[in-house]
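Working notes, structure below.
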Amino acid sequence: MNEILQFISLIPPVTRTYLGLCCFVTFLVQFDIITPFHIYFNWNLIVKEFQLWRLVSSFLYLGSSNISFIFNLIFSYRYSRMLEEDSFAFRTADFVFLYLYGAVFMIVCGIFTNTVFLGQAFTIMLVYIWGRRNPDVRLNFLGTLTFGASYLSYFLFFLSILMNQSVVGDILGISAGHIYYFLEDVYPREHNGQKILKTPSILKRIFDPAPLAEVPVDERAGGMAWGANGDVDER
């Protein structure tokens, strides 16, 4: 048990929070405490019935079968963690902003595509961004196929086609990831560092507060200063 708790504690905070919520919601469905009908994305119910929780819950359900749940959980854990520990190291606010950007993008697109669960698309977005930022990493599939990390999201797209699954989530994830990568990495590089996507200052104040400046000794509150010979100097 201690090993499990230690493993969980080593997961960076944003990834740990997201995966914890995903496991919680998915287990509620698996044990019939709630049903997918209570949490799927439905814009009409959100607007007309004020079922606002669907804006969040539709991202947290990772699949109806054990295989799809484990697959989505592993990919979400792996690529969210690597992004948070590498590209977004010591930039928690920027990583939270990426999550918010992805959520808004998926919600807007979900209105027009009638996508009921958005978690898979969100995972594909993370995979795409990680792949574009790590193009030199080589991946191996079943010991037979080797390809660059930047092609992983496209590989998953074609895998969905071969398995006769919906590819809407893959397309949304790739689109969201590509737009973010362009605005965050490509555009500033070609325009002297000018950025379009800027993390709101409120997120920086919450998640990346500035360290407290050390007060010089002469400006600290007065007290009793003990001298080298045990003499007391009152300030």
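The table below lists the values:
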read-out: Tally, over the range 55-109, of residues that are polar (S, T, N, Q) and either without any contact (Cβ under 8 Å) to a residue 24 or more places away in the chain or farther than 25 Å from V137 by Cβ (or both); value: 6
read-out: Conditions (1) modelled with pLDDT of 95 or more; (2) over 30 Å from S68 (Cα atoms): number failed by A225; value: (1)
read-out: Condition check for I129: assigned to a helix (DSSP H, G or I), touching a helix residue (DSSP H, G or I) at 6+ places or on another chain (Cβ under 8 Å) and surrounded by fewer than 20 Cβ atoms within 10 Å (Cβ to Cβ); value: no
read-out: Answer residue from the range 37-64, given it is among the small types (G, A, S) and under 11 Å from T26 (Cβ atoms) and is surrounded by the fewest Cβ atoms within 10 Å (Cβ to Cβ) among those; value: S64
read-out: Unmet requirement for F147, which otherwise passes all of (1) part of a helix (DSSP H, G or I); (2) without any contact (Cβ under 8 Å) to a residue 40 or more places away in the chain; value: (1)
read-out: Count of residues meeting criterion [in a helix (DSSP H, G or I), within 20 Å of D94 (Cα to Cα), of a type outside the set (A, V, I, L, M, F, W, C) and free of Cβ contacts under 8 Å to residues at least 24 places away in the same chain] in the range 160-197; value: 4
read-out: The range 169-188, residues that are crowded, with 18+ Cβ neighbours inside 10 Å and in contact with a Ser or Thr (Cβ under 9 Å, 6 or more places away or on another chain); value: G169, D170, L172, G173, I174, G177
read-out: Filter pass, R16 being basic (K, R), at negative phi and crowded, with 17+ Cβ neighbours inside 10 Å; value: yes
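Residue-wise test of (1) aliphatic (A, V, I, L, M); (2) in contact with a Cys (Cβ under 8 Å, 6 or more places away or on another chain); (3) modelled with pLDDT of 95 or more; (4) at positive phi.
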site: S57; (1), (2), (3), (4): no, no, yes, no
site: L62; (1), (2), (3), (4): yes, yes, no, no
site: I67; (1), (2), (3), (4): yes, no, no, no
site: I70; (1), (2), (3), (4): yes, no, no, no
site: V108; (1), (2), (3), (4): yes, no, yes, no
site: Q120; (1), (2), (3), (4): no, no, no, no
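The values are calculated or read from the model by the stated rules, or taken from the named source; none is laboratory data. It should be emphasised that the depicted structure is a prediction, and the values quoted were computed from it without experimental measurement. Reconstructed Cβ throughout: ideal geometry from the backbone, glycine too, with neighbour counts over all protein chains shown.
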